[in-house]
Structure formats: C-alpha cells, structure tokens
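Here the structure is laid out as structure tokens; the discussion comes afterwards.
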Amino acid sequence: MVQQEHKIRLAILGATGNVGRKFLEILEQRNFPISSLKLLASEKSVGKMVQFQGKEYKVELATKNSFKDVDIVLASAGASVSKELAPHAVKAGAVIIDNSSAFRMEQNVPLVVAGVNDHVLKKHKGIIANPNCTTAQLVVPLKALHKLAGLKRVIVSTYQSVSGAGKSAMDELTEQSKNHLSENNYSFKAINRKFAFNVIPHIDTFLEDGYTKEEAKVINESRKILELPDLSITCTAVRVPVYIGHSESVNVELNHPATKEQILKAFKGFPDLEVFDEPSESKYPMAIDIAGTDPVYIGRIREDKSNPNTFNMWIVADNLRIGAALNAVRIAEELLKQNLLKISVV
Ligand SMILES: NC(=O)c1ccc[n+]([C@@H]2O[C@H](COP(=O)([O-])OP(=O)(O)OC[C@H]3O[C@@H](n4cnc5c(N)ncnc54)[C@H](OP(=O)(O)O)[C@@H]3O)[C@@H](O)[C@H]2O)c1
C-alpha cells in the first residue's frame, strides 16, 4: 500500500456497477489516499447517494467535461464509454486505468497485472488497461511457471461466474433460479440463454474462426502481458451458475523439466498466489469459499502423464477483485510508488 504523503483527486467512471462498487470497497479497505472523489455513471443513476469512508457522495453524469481537476480515473463503464471519454480524461491531465476491452491490445497502452508486469507502467501515455478478469488470474501462475521452466503450451478451460457479465446478470441468476424451482415460465435478459442450472460454452460474441471474443481475449491478452507473442495458448470459455469467482482448469507444458516440488516452491514464492492443494483431505480452491478475498488460489496440481514436462492445475480467484477492481487500485498505488503521475499534493 502507498504512503499517505500524496493525496489523489479520484474519479470513478461506472461507479454504480459491479466493478465500480468494488472499487469503493477496495479503496476504503486499502486506505487509498484520496483528496477528492467524483462518482460518475449514466443518466439512470444521476443523483443517487453513495457512502464512502463515512461521507455521502452524489453520483454525477459522466460527460467529456467530468475530468477537470482529476488525477486518476478508475473506469469500468464498458468499452464504448471508455472509447468516448478516455481521450477527454487524458486531455484534462488525468491518468485513466480502464477495465474495459477498449484499449487493451493497443500497442502504446500498457496492459498490466500488478505484481506480474508492473515494469511496463512507465511507458504509459495516460491510458493503462486492465485485462479481462479471466486473463488476470491466469497470468499470475503462468508467470511463475515461465520464470521456473519456460512456457511451451497452455490449454485453458474456464468456469466463469455470472458477475463477470455485470450486476444485471447476477440479479437475473437469482430470478431465474427462483422461477426454475417454482416452475414458472420466464424470459432471458442479460444473455439470451438460461444460465440457472446450466453450463454455457459461449461468452461474448462468436468470431469467424469459431472462437468467442472472450476466448480470443484470454489468448491475446495473456501473450501481451507475459511478453510472449508466439506462446501456444488456447481457451474454451464457459459460463456457470456461480455468482462470484472464476475457476480455470489449466494444462501447461513447460520448455524444461521441472518436478512438482519445484513448481510448488515457485508458486509459494510468487506474490499473490496461494497454494491450496491437499488432495488427501479433499482440499482445493472453490469459488464459493474464496469470493471476497484477494489472492489467486491454485490447487489440484499434478503431472499430466500423457505428455512430458506437462502439469494440470485448477486456478480460482474473485473475478471482481484481482480480475478487475483490486488490480486497478494496485496499479494506481504502483503509479504513485513509481512516481508516474502528475499528482496534486494537498
Ligand atoms: N465484472 C467483471 O468481472 C469484470 C472484470 C473485468 C472487467 N470488467 C469490465 O468492467 C466494465 C463494467 O463491468 P461491470 O461488471 O461493473 O458492469 P455493470 O455492473 O453493468 O456496471 C456498468 C457501469 O457502467 C455505467 N454506465 C453504463 N453506461 C454508461 C454511460 N453511457 N455513461 C456512464 N456510465 C455508464 C453504469 O452506470 P448506471 O448504473 O448508471 O447504468 C454502471 O455504473 C465492463 O467493461 C466489463 O467488461 C468486468
């Protein structure tokens, strides 16, 4: 956490959403040094009162003029809003840490997971991108494995919670579940499928090659963050009826031989990773247990006997924290630590 000498004039774009509300919770928990706070959202939320550190703040409409006297913008209002407003934030002198997919793959925009590739922050030109939540938790153990023995090939299958699709999707899972159990008919809103009591191999839209955009994000963003543009990596992304916490079954082939003991040592020595792997006691990470916590949990680590130098593992994290809000706040802390911000000293 940062020291308190500098206080930041902060704006949250998308303050009323799933990620926006997590920003507030995490800023408060980490005692992030704030001198002023603007909460921005759509017309729908204008005038809503939100509590932060014992004070009431009124939600304002986000416009291109919202960023005067702001040092940092934490943005989570979707890609089209970010595309429209980020240039105005930068022009007004703010640094924007964006959770949407709008700028992630742009060459001059650092795509950062705190603790994995903070060194690229110094290249920022006002916009810093946060990866997709699925990618954020994946690259933490992948980075540890790459440092240990080099990554040759990665196969990822995801089990993603509905909170990844926003607050409305969580509300809809509740409604669908109630209706399903009482055998009422109901319609689908947040996505065009029933996700209560279902498993759906379809997140975001389909691309021409048969992958979904979500799968393409995991592939492309992992390569960018790990600075391995030619990494062999593939993904199948699946929505499951879980409120919070994404799980991933990951098969990793290494360039060089490594023992399970060496892998455990590498994971245990890597920041933000928590090994939870006691098969004899039926202990492994589960979304329902880890929601609301910060680490990336890893369990079911075992050799893949079908291929040399290959291991299977199960990776679970809170998608709203490490996958979004916590990562963005940690990036903001890192900007302060590395003095990469024009900040107002109050
Ligand atoms: N959920 C995750 O796990 C996760 C992880 C990483 C990244 N992200 C990304 O973060 C973004 C938000 O996700 P979320 O889950 O928080 O969604 P959400 O719960 O649907 O919240 C969306 C937020 O954006 C605001 N908004 C919508 N249209 C706006 C507009 N025209 N102008 C200003 N504000 C507007 C909404 O305000 P109103 O309440 O006024 O409509 C709300 O505050 C998305 O880009 C998502 O891909 C999400």
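For the reader, a short list of remarks on this structure follows.
- Accessible surface of the chain [probe 1.4 Å, protein heavy atoms]: carbon and sulfur percent: 50 percent
- Considering only alpha-carbon pairs that sit under 8 angstrom and 6 or more positions apart, the relative contact order computed for the range 134-318 is 29 percent.
- For the range 68-125, applying the loop criterion from DSSP together with a ceiling of 16 other beta carbons within 10 Å to the trypsin sites (Lys or Arg not before Pro) yields LYS68, LYS125.
- DSSP loop GluC sites (Glu not before Pro) with at most 14 other Cβ within 10 Å: longest gap in the chain: 228-346
- Helices in the chain, meaning DSSP H runs of at least 4 residues, each add -39500 (n - 2.57). Divided by all residues, the mean residue ellipticity at 222 nm is -8500 deg cm²/dmol.
- Normalised contact order of the chain, rounded percent, pairs of Cα under 8 Å and 6 or more residues apart: 20 percent
- Cross-link pairs exceeding 29 Å in C-alpha to C-alpha distance, out of LYS7/LYS268; LYS125/LYS268; LYS83/LYS224; LYS38/LYS224; LYS68/LYS143, comprise LYS7/LYS268; LYS125/LYS268; LYS38/LYS224; LYS68/LYS143.
- Surface accessible to a 1.4 Å probe, per residue, for the residues of the range 92-218, Å²: 45 Å²
- Looking at the range 276-346, the accessible area is 46 square angstrom per residue; that uses a 1.4 Å probe and ignores ligands, DNA and RNA.
- For GLU333, the shell of other residues with beta-carbons less than 11 Å away shows a net charge of +1, using +1 for Lys and Arg and -1 for Asp and Glu.
- Estimated FRET transfer efficiency when R0 is 45 angstrom, pair LYS152-GLU25 (beta carbons, to 0.05): 0.70
- Filtered trypsin sites (Lys or Arg not before Pro), the range 266-311: DSSP coil and at most 10 other beta carbons within 10 Å: LYS305
- Once exposed loop chymotrypsin sites (Phe, Trp or Tyr not before Pro) are cut out (DSSP; at most 13 other Cβ, 10 Å), longest piece of the chain: 1-187
- With a cut-off of 13 Å between beta carbons, the residues surrounding ALA291 carry a summed charge of -2, where Lys and Arg count +1 and Asp and Glu -1.
- Neighbours of LEU181 by Cβ distance under 14 Å: Lys/Arg scored +1, Asp/Glu scored -1, total 0.
- Where labels lie 7 Å past Cα in the beta-carbon direction, separation of THR259 and ASN179 in nm: 5.6 nm
The values are calculated or read from the model by the stated rules, or taken from the named source; none is laboratory data. Keep in mind it's a predicted model, so treat the numbers as computed, not measured. Cβ coordinates were reconstructed from backbone atoms using ideal geometry, including for glycine residues, and neighbour counts include every protein chain displayed. Accessible surface is based on the protein model in full, side chains and every heavy atom, while ligands, DNA and RNA are left aside. Shrake-Rupley method; radii C 1.70, N 1.55, O 1.52, S 1.80 Å.
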